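Please read the structure below before turning to the comments.
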Amino acid sequence: MPWGIDRAIVDSFADEIVEVKRLGVEVALVIGGGNIFRGDSQAAEGMNRAAADNIGMLATVINALVFQNVLEHRGLATRVLSAVEMPTICEPFIRRRALRHLEKGRVVIFAGGTGNPYFTTDTAAALRGMEIEADIVLKATKVDGVYSADPVKDASALLHRHLTFDEVIQGNLRVMDTSAVSLCRDHGIPIGVFNLTVPGNVARIVRGEAVGTLVTRGEL
């Protein structure tokens with residue numbers, strides 16, 4: 001299976017972030033490492049799960065540093081904060097420091113997951129969203145949102161424009177992992193699921209347009 005850093009995807013996403021920053025929005029990103037290594041992947045077969053997850057967390061730091069460099073070449077002030085401390089490479093995650101960077105208009109990139117094995121990037125995103133009191137957690141995917149079935153396998157699958165947290169959990173819809181969805185539900189942070197491959201989608205969501213699937217506590 002292909003792996004590594006796809007510069008075209010990185011450049012496209014960086015352009016999205018530049019556009020959103022022009023709208024005056026504070027932006028924090030949680031970076032995964034699945035393009036390099038996943039603790040629950042075939043590449044990790046036979047490995048101790050904790051060790052495999054630690055490798056995966058290091059992969060997120062690699063991706064974060066790449067994306068930081070690309071954003072800074074576009075003129076954006078950026079800071080990488082890692083839950084896994086490596087002070088010669090990036091800053092350690094400290095909540096107040098993250099908030100201060102956001103206040104100063106910098107793009108904050110969270111790396112290193114939660115700093116602990118057995119937790120997904122989804123859970124890290126929900127956790128960091130709570131800590132910085134985010135208005136919404138956006139889940140970038142390769143499909144237009146949450147469907148009633150796998151749209152690749154079922155042409156009749158319908159796109160859900162709105163779901164409640166309980167519908168996602170009870171229906172096992174796999175928007176994000178259950179722990180992440182539960183954290184967002186308990187703290188009232190909406191989740192937006194959208195297709196990152198469609199140019200301009202991030203800015204459309206920020207402007208309040210109906211893009212993808214919105215997950216909230218109740219009916220809109």
Inset, instruction - Any chance you could count how many residues in the range 93-120 are of a type outside the set (Ser, Thr, Tyr), within 30 Å of Asn48 (Cβ to Cβ) and either in a loop (DSSP other than H, G, I, E, B) or modelled with pLDDT under 95 (or both)? - result: 8
Inset, instruction - Tell me, please, whether a residue that is of a type outside the set (Phe, Trp, Tyr), assigned by TED's automatic domain parsing to the domain that holds Ile5, touching a strand residue (DSSP E or B) at 6+ places or on another chain (Cβ under 9 Å) and part of a loop (DSSP other than H, G, I, E, B) can be found in the range 56-73. - result: no
Inset, instruction - Could you tell me which numbered condition Ala125 fails, if it satisfies all but one of (1) buried (at least 18 other Cβ atoms within 10 Å of the Cβ); (2) assigned to a loop (DSSP other than H, G, I, E, B); (3) at pLDDT 95 or above? - result: (2)
Legend entry - Extreme residue, nearest to Arg128 (Cα to Cα), among residues of the range 210-220 that are surrounded by fewer than 15 Cβ atoms within 10 Å (Cβ to Cβ) and in contact with a Ser or Thr (Cβ under 7 Å, 6 or more places away or on another chain): Arg217
Legend entry - Total residues in the range 167-209, condition aliphatic (A, V, I, L, M) and more than 16 Å from Asp135 (Cα to Cα): 7
Legend entry - Of all residues in the range 82-92 being in contact with a helix residue (DSSP H, G or I) (Cβ under 8 Å, 6 or more places away or on another chain) and part of a loop (DSSP other than H, G, I, E, B), the one that is nearest to Ala51 (Cα to Cα): Val84
Inset, instruction - Please specify each residue of the range 172-220 satisfying the condition of being more than 14 Å from Ala140 (Cα to Cα) and assigned to a helix (DSSP H, G or I). - result: Thr178, Ser179, Ala180, Val181, Ser182, Leu183, Cys184, Arg185, Asp186, His187
Legend entry - Candidate set: the range 158-182, residues that are under 24 Å from Val30 (Cβ atoms), of a type in the set (S, T, N, Q) and without any contact (Cβ under 8 Å) to a residue 12 or more places away in the chain; chosen: the one surrounded by the most Cβ atoms within 10 Å (Cβ to Cβ): Thr178
Legend entry - Selected residue (only one of Thr164, Thr141, Thr120 is over 14 Å from the mean Cα position of the chain (by Cα) and among the β-branched types (Val, Ile, Thr)): Thr164
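Out of Arg95, Arg106, report the one residue that is in contact with a helix residue (DSSP H, G or I) (Cβ under 8 Å, 6 or more places away or on another chain) and not small (Gly, Ala, Ser).
Criteria check complete, one pass: Arg95.
The values are calculated or read from the model by the stated rules, or taken from the named source; none is laboratory data. Remember, predicted model here, so these are calculated numbers, not experimental data. Cβ sites come from the backbone with ideal geometry, for glycine too, and all protein chains shown count toward neighbours.
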